[in-house]
Structures are given as structure tokens and as C-alpha cells.
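To start, the structure itself, in C-alpha cells.
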């Protein structure tokens with residue numbers, strides 16, 4: 001049989017004493033036929049390997065010529081690397097000799113003797129090399145990092161115990177096995193792909209990720225032989241769980257800073273806290289708050305030993321429907337004093353809890369739903385953290401784990417405490433804002449009319465929508481003011497700004513407008529007086545006229561409608577014009593001459609007069625209605641006209657349609673809408689007479705009034721009416737100027753009006769004993785329900801109003 005490699009026979013000068021010997025009997029085809037005790041001691045395999053192919057058993061590199069010679073039954077002598085059972089590589093001198101029969105012919109069997117020697121050191125010193133080799137194995141085994149070597153096929157060669165723990169098995173069970181076959185639970189394929197890449201390209205790589213429940217950083221480098229060919233891969237894995245956990249906590253804090261407290265809404269902030277901690281920290285969380293916090297108030301002190309009542313503001317689970325909620329979101333639950341949430345609130349500090357906590361067990365067992373969740377779902381660890389801000393405890397966050405094997409640790413508690421603190425500050429800000437918003441809204445609503453007054457001129461309906469909570473309550477307002485002669489004033493205004501200041505300013509303006517309306521001033525004159533008032537208010541508030549428009553600016557639209565003449569007179573102080581739906585279906589936005597906003601001063605206001613046919617629909621509103629959806633005024637007014645085209649006969653439905661079509665769900669500004677449908681008093685309800693300037697006409701005026709009352713069926717009112725007509729006509733003849741006119745109006749009340757061309761106004765006074773005059777108006781005031789004077793461009797009108805005879809007022813007269 002031919003020989004390969006070096007000669008089988010060596011000279012005595014070349015002989016080196018072997019470190020170990022092993023004898024193995026191998027067939028001509030490379031199968032093991034015999035296995036000595038020395039081979040078992042040296043290579044780790046027992047005689048049970050008989051029958052295995054020697055190449056698969058020991059070869060580190062199957063392409064080495066020695067293994068091809070053995071498979072062909074040829075002799076061999078030379079160095080070769082063999083693999084120990086535990087995966088270690090051993091450098092060996094292998095000698096393979098044929099087994100001959102009695103005639104000297106090859107019997108087909110070979111006896112192979114393996115001489116194993118220590119690897120010489122790089123400096124060639126044998127003693128030093130043996131010392132380095134002796135230290136290599138314990139150094140590898142005792143390394144503080146998880147170290148492993150792989151052959152070219154990514155099979156484990158050498159493994160220390162830390163890497164075995166990392167992979168979840170023993171080191172001995174890994175040697176000789178492919179990494180792909182022992183991929184641990186929780187590990188992704190990225191590590192295997194990078195191992196292959198290092199083996200194929202010869203370039204080092206790094207892997208960062210989770211294996212099991214630990215975070216690892218793994219360095220990978222190629223192992224090359226003397227020729228530079230990659231024959232394996234070395235790895236060193238560092239447990240990076242602590243650093244990774246710290247990085248995650250920092251990232252979670254950054255995330256919480258961006259997500260928690262984005263709005264001034266207590267409930268939404270509670271949900272944001274729940275979204276941050278699940279599933280990053282916990283499997284399930286509930287956020288429980290005191291009812292007073294949700295109402296904007298401070299929590300009441302809790303009595304020791306009594307159950308704590310909390311309302312569930314938020315809840316989130318990593319797995320939907322697990323565990324089953326014992327208390328739904330929005331419901332109130334009672335927490336006994338021994339329960340973790342109650343103990344946490346009583347102590348004012350966070351609390352870790354679990355199955356080893358008697359109070360936790362007692363609390364859980366007292367509720368079937370909670371008990372089922374613990375036993376069925378495997379909840380094993382809990383944490384209660386108070387929601388504290390500015391010395392006030394607002395509630396508690398309760399976290400649970402069941403899918404994660406590890407219980408909550410102190411680091412987790414500190415992190416959740418920081419998150420809860422941030423959320424609590426945001427909740428307290430929202431609580432304080434809720435209280436301020438509720439105060440402003442209460443003031444706003446108390447200053448606005450809750451029910452519109454009864455009057456004959458128009459049928460009216462209104463809507464007032466405060467701005468969303470982020471913007472705060474504004475200063476929008478409206479009013480319907482009955483005037484003399486069955487007329488009515490329709491008013492809409494808007495004070496700049498939001499909050500209590502705007503509401504207070506709105507209240508002052510509305511009071512001023514109502515006061516001036518009682519004087520029966522024309523719209524343009526009324527706005528001039530209000531403008532002066534706003535200027536004075538700004539000065540009293542210390543703002544000065546220069547800062548008035550930005551600080552105390554306001555707009556107002558004042559309209560007076562007369563159902564007798566069907567005329568409407570309007571004046572605007574920087575306010576959007578109204579829109580009108582005429583009876584014929586035409587819709588128009590009225591073209592007014594707008595004056596400056598109130599408080600600017602120095603510019604007169606102009607009145608616009610137009611006729612409104614009976615059943616015309618006029619819509620007065622603040623700018624929030626047409627500025628919604630970020631649209632410009634022209635687009636807003638066009639949209640408003642489109643909605644009015646399909647207006648309903650019901651004013652309430654019309655208001656609802658306007659709000660639904662024109663406004664978003666959460667308007668950013670207050671909106672006030674006043675819708676009025678005009679009425680008309682016809683000739684059968686109004687009687688008018690022109691009177692000459694002659695004292696004798698007084699008797700004729702009384703007679704005409706009496707006949708008209710009889711025609712209306714109001715004879716019972718004749719006595720009072722005659723007295724009023726007599727006094728008012730006499731007063732006009734004696735102190736007024738022509739032309740003189742008498743008018744009776746029958747509506748909900750009976751109104752008597754006497755007009756003349758003089759601008760002098762009568763004054764009510766108590767006549768002294770010897771005074772000849774001064775008793776007429778006093779008498780009129782005594783027998784009527786009300787009286788007054790209104791001025792026109794030329795002249796004045798004195799009016800007196802009395803109820804109809806069937807009114808209970810007559811019984812008290």
C-alpha cells in the first residue's frame with residue numbers, strides 16, 4: 001500500500017517523546033473496528049463509537065489528505081488536527097499502517113496509532129508552550145464573558161459555561177452541534193445570519209439583541225489558519241441587560257415627555273399614562289382618580305380605616321380582554337384599607353405587591369373577577385404608585401404583570417414613580433384649568449339669557465356653544481330686548497379674549513346695552529354710548545386706550561325691528577353682518593356700514609334701515625360661526641347662505657342645522673347664534689289718528705279711542721284708556737309741537753302712543769299742594785303697567801302700556 005505524507009520510519013534523532021498515545025483499529029474503508037482505553041481517555045469517546053466513520057468522528061477539516069488516505073486504506077504519517085468529544089481541537093501526529101497476513105500481503109485492515117503532542121508556543125520553547133496550553137483551557141472556561149468558537153460549518157467547538165447558560169443548556173451539550181439546531185427561544189435569526197456572514201466574508205461583525213430575557217452584545221470575528229483561510233468563527237458575548245435597561249428607561253422617559261400631558265384633559269392624560277407603561281413595563285394598568293379631581297376640585301381628606309372610593313379613569317392591557325375588568329372605565333370602585341391601592345394612598349408612597357403580600361391576597365380573594373384573573377391568567381406581581389402633584393394626591397396607578405416571568409424591581413418602581421409624577425402634574429394642571437373653565441362657563445351662562453322674553457315682534461331661538469376646553473370660555477353673547485311700541489331689539493356681541501376676564505367684560509357690556517335700550521336710543525346712538533363706556537372701563541382697569549383693542553376689544557351688532565312698519569334699523573361696531581332668508585326663498589347677507597370695534601373711539605357709527613317682510617328669517621351670529629373650519633369670511637358666509645336655503649320651519653331645527661353644518665365637533669372659539677322670524681301687526685291691530693294743535697280736540701281723541709276699543713271688544717279698558725289719551729294729548733298740545741299723532745296698538749297688551757314734533761321730554765314729578773301742573777304723568781303711571789318716552793330724528797313719542805282686560809293685573813287695579 002503506498003504511503004503519503006512523511007515517511008513512516010524516522011531516525012532516532014528525529015524521535016520526540018509522545019505526550020499521549022491512542023490506538024484505534026480502522027477498516028480499509030475508514031470505519032472504526034477497535035477503540036482502546038487510551039483512545040477513550042485522550043479523545044473522550046467510549047468504545048460505543050465502533051462502527052462509526054473515523055472522519056466524521058474526529059476530523060476538524062475533512063478535506064485534509066490524512067482522512068482521504070484512511071478512507072482509501074492507504075498508509076499515512078504526518079500532522080493532523082483532531083476533535084475531542086467536547087469540541088476542543090487537538091494537534092496530533094497521526095501514523096496509519098497496513099495490517100499484513102502470513103504471506104506479507106495486506107489483509108485489508110490497518111492499525112492506526114495517534115500520537116498527540118502539545119502545540120508548540122510561538123517562540124518555539126516547548127516548556128513554555130506546554131505552560132501556555134495548560135493555562136488556555138482554564139482561562140477559556142473561567143472567562144467573565146460568554147465565549148465560543150465555531151468551525152467552518154458553524155458547529156460549536158469550544159464553549160464556556162457562561163455561553164451554555166446564555167443558550168439555556170449545558171456547555172457539553174452544545175459542542176459539536178450546529179448553532180442553527182440549538183437556536184434558543186427568544187433569539188431571532190439575525191445572530192445566525194451574522195455568523196454566516198463572518199464565516200463567508202471573513203469580516204468581523206457585532207450583534208445586539210435579546211436572547212431569552214437578557215440583552216446581549218456579541219462580538220464576532222473570523223478565525224483563520226496559517227494560509228489565511230477562514231476555518232472558523234470566534235464569539236464573545238457581553239451581558240448588556242443593565243445598560244440596555246437604563247437606555248430603555250431613558251427612552252421611555254423621553255417618550256412620556258412627548259406623549260403625556262398633551263392636552264388639558266384629566267381623562268386623556270390618564271389614558272396617555274396607561275399607553276406609555278403598557279406593554280413597555282407592565283402587562284396591565286389601571287389609573288384610578290378621585291371624583292373631585294375629574295370635577296376640577298381638590299380631593300377631600302380620607303378618613304383612616306375607611307374604604308377609598310376611586311373612579312377608573314383609564315385601563316389598558318397588553319392582551320385585549322385579559323384580565324377581565326372587575327370595574328369598567330368610568331365606574332367607581334371601593335378599595336378596602338388593606339388593599340395595595342388604599343395602602344399606597346394612605347402612605348403617599350409607591351408600593352410593590354405580589355402573591356407574598358397578605359393584603360394583596362386578601363383583597364384579591366374578596367372579588368371573584370379579580371381572583372379569577374390572578375389564578376387563571378397568572379398575575380404574580382403588582383405595583384401601586386400614587387399620582388402626586390404639588391402636595392396633592394390625585395389618585396393611584398396600579399400595574400400588574402403576568403406574561404413577563406420577572407417581578408417588578410426597585411428600578412421599575414422608580415421609573416413608574418417618575419412617569420406617574422409627570423402625569424400627575426399634567427392632571428393637576430388640567431384639574432385647575434377645568435375648575436377655572438367651569439367657573440368662567442358658569443359665569444358666562446349666568447350672564448346670558450336662559451329664556452327669551454315674550455314679545456310680538458319676532459319668534460326667536462338661540463344657541464350658545466362655548467369654545468373647547470383648550471381655548472377657554474370666551475365673551476360671546478346675545479340678547480332679545482322688548483322695546484316700546486311692540487318693537488324688539490336683537491343684539492349679538494363678542495368680547496375679545498377668553499376666560500373669566502372676558503366673561504366679566506361681557507356681563508358689563510350686556511348690562512350697559514340693556515340699560516341704554518330702555519332709553520329707546522336708536523342703534524347708532526346706542527353704540528356710541530357703549531363705545532364711550534368701553535373706553536372708560538379700559539381706563540378703570542388700568543389698560544389705557546392704547547392697549548384697549550387687544551385687551552378689552554369688543555364687537556356688537558344692534559338691530560331694532562318694528563312689526564308695525566316692518567322696518568329694521570341696524571348698526572354694527574366691527575361685527576359680522578346678519579344674513580336674511582326672505583319669504584320668497586332668497587338669501588342675502590346684509591350690506592351694513594360697519595363701524596370700528598367698541599373701544600376704538602373717534603369714529604361715528606352709521607345706521608342702516610331696510611324693510612323685512614313678514615316671516616323673514618334673520619340670523620345674527622358671532623364670527624366663530626363663519627370662521628370655523630379655517631375658512632375665510634367670504635367662504636363662511638357663502639356656506640351660511642347655503643344652509644339657510646334649506647332652513648326648516650322650526651327655528652330650533654334651523655339652529656341645530658346651522659351648528660351641525662357650520663362648526664367642527666370641538667370649535668376653537670365661542671359661537672353665539674340668534675335666529676328670529678319676523679311678525680307683522682296688521683291694520684286690524686293698529687289705529688292711528690292725526691290731531692290738530694287745538695285743546696278742544698282732546699274730547700274728540702277720547703271718543704275715537706273709545707270707539708276703537710269697542711270695535712276690538714275691549715270696552716273694559718275704556719276708562720283707563722280715556723284717562724291716558726286725555727293726559728298725553730293735552731301734554732302734547734300744551735308743551736309739544738306739531739304734527740301730533742295718536743296711535744293705539746292691540747297685541748299682548750294695549751299700547752297708547754302720542755307723538756309730536758318737539759324733542760323736549762316730560763319728567764315725572766310729585767306735584768306740591770298749590771302746583772297747577774305735574775299731576776298728569778303721575779296719574780298715568782299709577783293706572784298703567786308702564787310708560788316712557790322715545791325720541792326719533794325729529795320729535796318724540798310718549799307711550800303708556802296697559803294689560804288687556806282679561807289679564808289678572810286688572811283684578812289688582
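Quick one: in segment 34-60, of everything that is without any contact (Cβ under 8 Å) to a residue 24 or more places away in the chain and part of a strand (DSSP E or B), which residue is farthest from residue 21 (Cα to Cα)?
Only one residue tops the list, namely 53.
Please give the helices (runs of 4 or more DSSP H) falling wholly within segment 139-238 in which 3 or more residues are within 17 Å of residue 83 (Cβ to Cβ), at pLDDT below 85 and not assigned by TED's automatic domain parsing to the domain that holds residue 83.
Counting at least 3 such residues, we get 171-174.
Taking the condition part of a helix (DSSP H, G or I) and surrounded by 16 or more Cβ atoms within 10 Å (Cβ to Cβ), does residue 316 pass? Talk me through it step by step, then tell me what you get.
Numbers: part of a helix (DSSP H, G or I): no; surrounded by 16 or more Cβ atoms within 10 Å (Cβ to Cβ): yes.
It is false that residue 316 is part of a helix (DSSP H, G or I) and surrounded by 16 or more Cβ atoms within 10 Å (Cβ to Cβ).
Table: residues versus (1) buried (at least 17 other Cβ atoms within 10 Å of the Cβ); (2) more than 30 Å from residue 554 (Cα to Cα).
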{"site": "614", "(1), (2)": "no, yes"}
{"site": "623", "(1), (2)": "yes, no"}
{"site": "632", "(1), (2)": "no, no"}
{"site": "643", "(1), (2)": "yes, no"}
{"site": "673", "(1), (2)": "yes, no"}
{"site": "678", "(1), (2)": "yes, no"}
{"site": "681", "(1), (2)": "yes, yes"}
{"site": "693", "(1), (2)": "no, yes"}
{"site": "721", "(1), (2)": "yes, yes"}
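From 34, 51, 44, grab the single residue that is within 16 Å of residue 91 (Cα to Cα) and at pLDDT 80 or above.
On the way: 34 fails: within 16 Å of residue 91 (Cα to Cα); 51 fails: within 16 Å of residue 91 (Cα to Cα).
Checking each option against the conditions leaves just 44.
Quick check, is residue 588 in the same structural domain as residue 669 (by TED's automatic domain parsing) and part of a strand (DSSP E or B)?
So residue 588 fits the description; yes.
Considering segment 714-729 alone, what residues qualify as being farther than 14 Å from residue 778 by Cα and out of contact with any strand residue (DSSP E or B) (no Cβ under 9 Å at 6 or more places or on another chain)?
715, 716, 718, 719, 722, listed by residue number.
Answer yes or no: is there a residue in segment 403-420 that is assigned to a helix (DSSP H, G or I), over 30 Å from residue 259 (Cα atoms) and out of contact with any strand residue (DSSP E or B) (no Cβ under 9 Å at 6 or more places or on another chain).
Initial filter on segment 403-420 (assigned to a helix (DSSP H, G or I)): 410-420.
Then drop every residue that is not over 30 Å from residue 259 (Cα atoms), which leaves none.
No, there is no match, as no residue in segment 403-420 is assigned to a helix (DSSP H, G or I), over 30 Å from residue 259 (Cα atoms) and out of contact with any strand residue (DSSP E or B) (no Cβ under 9 Å at 6 or more places or on another chain).
If you go through segment 66-75 one residue at a time, do you hit one that is under 20 Å from residue 157 (Cβ atoms) and touching a strand residue (DSSP E or B) at 6+ places or on another chain (Cβ under 6 Å)?
Pass one, segment 66-75, residues under 20 Å from residue 157 (Cβ atoms): 66-67.
Keeping just the survivors that are touching a strand residue (DSSP E or B) at 6+ places or on another chain (Cβ under 6 Å) gives 66-67.
Looking through segment 66-75, at least one residue is under 20 Å from residue 157 (Cβ atoms) and touching a strand residue (DSSP E or B) at 6+ places or on another chain (Cβ under 6 Å).
Scan segment 780-789 residue by residue and report those that are in contact (Cβ under 8 Å) with a residue 60 or more places away in the chain and either more than 16 Å from residue 482 (Cα to Cα) or buried (at least 20 other Cβ atoms within 10 Å of the Cβ) (or both).
Hits for segment 780-789 are 783, 784.
Which one is surrounded by the most Cβ atoms within 10 Å (Cβ to Cβ) among residues in segment 472-520 that are part of a loop (DSSP other than H, G, I, E, B) and modelled with pLDDT of 90 or more?
Checking each candidate, the answer is 487.
The values are calculated or read from the model by the stated rules, or taken from the named source; none is laboratory data. All values derive from a computational prediction rather than experimental measurement. FYI the Cβ positions are ideal-geometry reconstructions off the backbone, even for glycines, and counts take in every protein chain you see.
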